[in-house]
Amino acid sequence: MLKYFRDIFRSVWSVLIGMKVTFRHLFTPAVTIQYPDVKLKLPERARNRLYVNMDDCIGCFQCDMACPVDCFKIETVKGLPTEDLGMTSTGQKKRLWVPVFDIDIAKCCYCGLCVYPCPTECIKMTDVYEFSETNRHHLIYNYATMTPAEASEVRRRAAEFEKEQTAKKAAAAAAAKKTPPGSPPAPPTPGASTPPAPGASTPHTPGTSAPPAPGASTPAAPPPPTQPPRE
């Protein structure tokens, strides 16, 4: 009989322990936020949807290389020497067109690793956390500001310039390798003596003594004639 009442007490006590939090809130004034009209303020370092300021993007691929889930798709085109692509807000000259800059936010793990290596600080995390979609493809955000026609024109000009530079390099290399066959050597400068080639014999001019060959001994000069003494 005692065991029966002990089991009843334990059952009631376990219910009271489980409802302790509920009973405490019964006597606490409720604070209700009228969501979505009223939203809580997020911390400054909250990591949510990404934003890219394309005016400061230089196409360095630092964010793409830092991303652990490969959610970036970036394409760059080298600008021509005659083109002025402008400057970033940090005073850095832009040298690359960025016709494609896509982020698949469905792959993003909100790690923030792409934000810190950016040299111009053009990519950052925002406090926007409501961007659910019924179609997965709608989660691919296109941040590039160039139209498809402008991107095609930039690619065409870059390809033509690269083709011209390749042709110039090939022509210069061919001209350097090509030597005219049988072309006479350049005439010597007047008044300058041309040294003989190694092993060649030096022509002898009549009335002059030929120079000795290399390594040969030089004959001694004959003694002067002796004059008879005067009486």
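Can you tell me which residues in the stretch 11-38 are open to solvent by 100 Å² or more (accessible area, probe 1.4 Å) and modelled with pLDDT under 90? Give the steps one after another, and end with the answer.
First, the residues of the stretch 11-38 that are open to solvent by 100 Å² or more (accessible area, probe 1.4 Å): 13, 20, 24-27, 29, 31-32, 34-35, 37.
Scanning the stretch 11-38 gives K20, R24, H25, L26, F27, P29, V31, T32, Q34, Y35, D37.
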**OP:** Scan the stretch 119-136 for residues that are of a type outside the set (G, A, S), without any contact (Cβ under 8 Å) to a residue 24 or more places away in the chain and exposed (fewer than 10 other Cβ atoms within 10 Å of the Cβ) and jot them down.
**Re:** T134, N135
**OP:** Return yes or no: is D127 under 20 Å from E44 (Cβ atoms) and not in a helix (DSSP H, G or I)?
**Re:** yes
**OP:** State whether the residues of the stretch 172-183 include one that is under 31 Å from the mean Cα position of the chain (by Cα), open to solvent by 80 Å² or more (accessible area, probe 1.4 Å) and modelled with pLDDT of 85 or more.
**Re:** no
Original post:
Between residues in the stretch 22-49 that are closer than 26 Å to D104 by Cβ and residues that are among the small types (G, A, S), which pairs lie under 7 Å by C-beta distance while being six or more apart or on different chains?
Top reply: R47/G112
Original post:
Out of all the residues in the stretch 126-145, is one or more modelled with pLDDT of 90 or more and under 22 Å from E162 (Cβ atoms)?
Top reply: yes
Original post:
Any chance the stretch 104-115 includes a residue that's out of contact with any helix residue (DSSP H, G or I) (no Cβ under 6 Å at 6 or more places or on another chain), farther than 15 Å from I58 by Cα and part of a strand (DSSP E or B)?
Top reply: yes
Subject >> Test: K73 is touching a strand residue (DSSP E or B) at 6+ places or on another chain (Cβ under 6 Å), in contact (Cβ under 8 Å) with a residue 12 or more places away in the chain and open to solvent by 70 Å² or more (accessible area, probe 1.4 Å) >> reply: yes
Original post:
Residues that are closer than 17 Å to I103 by Cα: which helices (runs of 4 or more DSSP H) entirely in the stretch 1-68 hold 1 or more of them?
Top reply: 62-66
Original post:
How many of the residues making up the stretch 97-108 are farther than 30 Å from R156 by Cα and open to solvent by less than 70 Å² (accessible area, probe 1.4 Å)?
Top reply: 3
**OP:** Return yes when R49 is closer than 21 Å to E130 by Cα and open to solvent by less than 100 Å² (accessible area, probe 1.4 Å) and no when it is not.
**Re:** yes
**OP:** Could you identify the single residue in K107, K93, K78 that is under 30 Å from E162 (Cα atoms) and either in contact (Cβ under 8 Å) with a residue 24 or more places away in the chain or touching a Pro at 6+ places or on another chain (Cβ under 6 Å) (or both)?
**Re:** K78
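Considering only residues that are small (G, A, S) and open to solvent by 20 Å² or more (accessible area, probe 1.4 Å), which ones fall in the stretch 57-70? Break it down into steps so the answer makes sense when it comes.
Start the filter on the stretch 57-70 by keeping residues that are small (G, A, S), which leaves 59, 66.
Result: A66, single match.
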Original post:
If you take the residues in the stretch 81-96 that are assigned to a strand (DSSP E or B) and touching a Lys or Arg at 6+ places or on another chain (Cβ under 8 Å), which one is surrounded by the most Cβ atoms within 10 Å (Cβ to Cβ)?
Top reply: L96
**OP:** Confirm whether A66 is touching a Cys at 6+ places or on another chain (Cβ under 9 Å) and of a type in the set (G, A, S).
**Re:** yes
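The values are calculated or read from the model by the stated rules, or taken from the named source; none is laboratory data. All values derive from a computational prediction rather than experimental measurement. Here Cβ is always computed from backbone atoms with ideal geometry, including for glycine, and neighbour counts include all displayed protein chains. The accessibility values were calculated without ligands, DNA or RNA, using every heavy atom of the protein model including side chains. Shrake-Rupley method; radii C 1.70, N 1.55, O 1.52, S 1.80 Å.
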